[in-house]
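What follows is a short report on a single structure.
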Amino acid sequence: MTHARTASTIHSFARLSAVLASAFLLAACAETARLSVAQGTGPNPTLPEPATTLIPTVNIAPAKGWPEGTTPVAPAGLRVAAFASGLDHPRWLLVLPNGDVLVAESNAPPKPAGSTGVKDWIAGQVMKRAGATVPSANRITLLRDANGDGVAETRSVLLRDLRSPFGMALIGERLFVANADAVVSYPYRTGDTTITAPATELVKLPAGVNHHWTKNLLASPDGNTLFVAVGSNSNVGERGLEAEVGRAAIWAVDVKTGTNRLYGSGLRNPVGMAWDASGQTLWTVVNERDELGSDLVPDYLTSVKDGGFYGWPYSYYGQTVDVRVKPPRPDLVATAIKPDYALGPHTASLGLASSVGNALGAPFASGMFIGQHGSWNRRPHSGYKVIFVPFQGNQPAGQPVDVLTGFLSEQGEALGRPVGVAVDTRGALLVADDVGNVVWRVSQKP
């Protein structure tokens, strides 16, 4: 084949791809939500019949970033300011005991050759418009606010050349990091600003295609166990259940030996994890399945019972059967636990932090802060904010309270997208924004 014919073929393929993508997006714009986000929120969300369409709903908020001098919007009595800006896709946060803040600057690892099809390619184009395909910086950066003015004046690369790092946990003098394919640890002493020691691998994690690549960590209160959140490798098992071994689950890993078991399963994509105020109950936020329409399925906040099964892929929100999954497993569906609290459909609720230690005032005294990254497959959009779910005793109660809004422009562009949330040592709320490339700090007005 001549160079001219080769170039012509490539050009034709590119044109065809563009036409197919445009047709896909146009066809996917037809389906619209019939319910409000509020109707899909709370302990007993409305679960309508699935909306089946030939092409799944797509409604992207193109990534724009924050115009100079603008910020998200905080409620009356609170203020928001940039704790650090100019970061590279900041996703997750860990506040160290001395007040230093670690931020994982990261994104999805490259997919193995031959592992994607047309549907994956189109999904990639969608994610590109949403600002979710920038190359991974593969580092953890340390931010330090030594003078206490609410702005980090010191920034240093603590760890570099990682593999799509996400979750972090400090136990004693070991810093644990969840890469996309393994949990590793490093020696750390209070005040360190860089680590050059080699990593010690604790346990390998499912990797490969990585439909959901983020792996999160939370240490047990006694420091003996690491809980590891591992998302599914598909929407509803369409790659085959052999591709889901060890996935859609939270692992319990022995810190000394790496011995592990599944603590909770049937959790499609658990990301944020936190302990309740008592330190006895593990909570997580879970991203539920797609392609059932704009009103299904609500993401959720739930306590996680040891050995509990939460439905995926066979059922959702307890025992509502997903008829797409073959063969069915009525035996497993009969054991599926209903989540504690729905967070609205397609909100992409990722970040989770307990209210313990916060100084934002009485409305935020007891509950959980949640970073909602925002939808790409609901019309109209959902998420794109930070909310607070109040608790009474050890259970969510009442409607969520907005903590940070304004991440979407009037034109439907994403000025920012909140991900990880954490309470700092002075009681302010930190929010990682991976489109704005900022860590925001929310505190009480003086």
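The values are calculated or read from the model by the stated rules, or taken from the named source; none is laboratory data. What you are looking at is a predicted structure, and each value in this text was computed from that prediction instead of being measured. Counting neighbours? That spans all protein chains shown, and the Cβs are built from the backbone with ideal geometry, glycine included.
Quick look at the numbers
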item: Failed item, numbered, when W92 is tested on (1) assigned to a loop (DSSP other than H, G, I, E, B); (2) modelled with pLDDT of 95 or more; (3) among the hydrophobic types (A, V, I, L, M, F, W, C); (4) under 30 Å from N377 (Cβ atoms); result: (1)
item: Filter result for A207 (outside any loop (DSSP other than H, G, I, E, B), surrounded by fewer than 22 Cβ atoms within 10 Å (Cβ to Cβ) and either among the small types (G, A, S) or touching a Pro at 6+ places or on another chain (Cβ under 6 Å) (or both)); result: no
item: Exclusive hit being within 26 Å of T214 (Cα to Cα), over 18 Å from the mean Cα position of the chain (by Cα) and not in a strand (DSSP E or B), set R379, R426; result: R379
item: Filter pass, G311 being under 25 Å from Y384 (Cβ atoms) and crowded, with 20+ Cβ neighbours inside 10 Å; result: no
item: Long-range neighbours under 6 Å by Cβ, at least six apart or interchain, first residue within 17 Å of R247 (Cβ to Cβ) and hydroxyl-bearing (S, T, Y) within the stretch 302-313, second at pLDDT 95 or above and crowded, with 20+ Cβ neighbours inside 10 Å; result: Y310/G266; Y310/L267
item: Odd one out for R163, checked against (1) in a loop (DSSP other than H, G, I, E, B); (2) over 19 Å from the mean Cα position of the chain (by Cα); result: (2)
item: Cross-chain or 6+ apart pairs with Cβ under 7 Å, the stretch 356-384 first and surrounded by fewer than 18 Cβ atoms within 10 Å (Cβ to Cβ), then polar (S, T, N, Q) and in a strand (DSSP E or B); result: A359/Q444; G361/Q444
item: Single unsatisfied condition, A152 versus (1) crowded, with 17+ Cβ neighbours inside 10 Å; (2) in a strand (DSSP E or B); (3) over 20 Å from the mean Cα position of the chain (by Cα); result: (2)
item: Positions within the stretch 234-249 being assigned to a helix (DSSP H, G or I) and over 19 Å from G307 (Cβ atoms), in sequence order; result: L241, E242, A243
item: Any hit, the stretch 266-278, residues being hydroxyl-bearing (S, T, Y), surrounded by fewer than 17 Cβ atoms within 10 Å (Cβ to Cβ), outside any strand (DSSP E or B) and modelled with pLDDT under 95; result: yes
item: Pairs, first at positive phi in the stretch 259-278, second outside any loop (DSSP other than H, G, I, E, B), C-beta under 9 Å, six or more apart; result: G266/A249; G266/G308; G266/F309; G266/S315; G266/L332
item: Looking only at the stretch 295-312, and only at residues there that are part of a loop (DSSP other than H, G, I, E, B) and under 19 Å from the mean Cα position of the chain (by Cα), the one that is farthest from A397 (Cα to Cα); result: W312
item: Residue count for the stretch 208-240, restricted to those that are over 17 Å from the mean Cα position of the chain (by Cα) and in contact (Cβ under 8 Å) with a residue 60 or more places away in the chain; result: 4
item: F391 being of a type outside the set (D, E, K, R), in contact (Cβ under 8 Å) with a residue 12 or more places away in the chain, more than 27 Å from D434 (Cβ to Cβ) and assigned to a strand (DSSP E or B); result: yes
item: Which listed residue, of G436, G416, G420, G412, is over 24 Å from T281 (Cβ atoms), of a type outside the set (F, W, Y), at pLDDT 95 or above and touching a strand residue (DSSP E or B) at 6+ places or on another chain (Cβ under 6 Å); result: G416
item: Test: residue in the stretch 214-228 that is under 27 Å from P112 (Cα atoms) and modelled with pLDDT under 95; result: no
item: Residue within the stretch 352-365 that is within 28 Å of M168 (Cα to Cα), outside any helix (DSSP H, G or I) and of a type in the set (F, W, Y) present; result: no
item: Residue in the stretch 158-169 that is surrounded by fewer than 17 Cβ atoms within 10 Å (Cβ to Cβ), touching a Lys or Arg at 6+ places or on another chain (Cβ under 9 Å) and either farther than 25 Å from D222 by Cα or polar (S, T, N, Q) (or both) present; result: yes
item: Residue in the stretch 62-80 that is surrounded by the fewest Cβ atoms within 10 Å (Cβ to Cβ), counting only those that are within 19 Å of H373 (Cα to Cα) and in contact with a Ser or Thr (Cβ under 8 Å, 6 or more places away or on another chain); result: V73
item: Failed condition for V183, given (1) farther than 22 Å from M273 by Cα; (2) in contact (Cβ under 8 Å) with a residue 60 or more places away in the chain; (3) not aromatic (F, W, Y); result: (1)
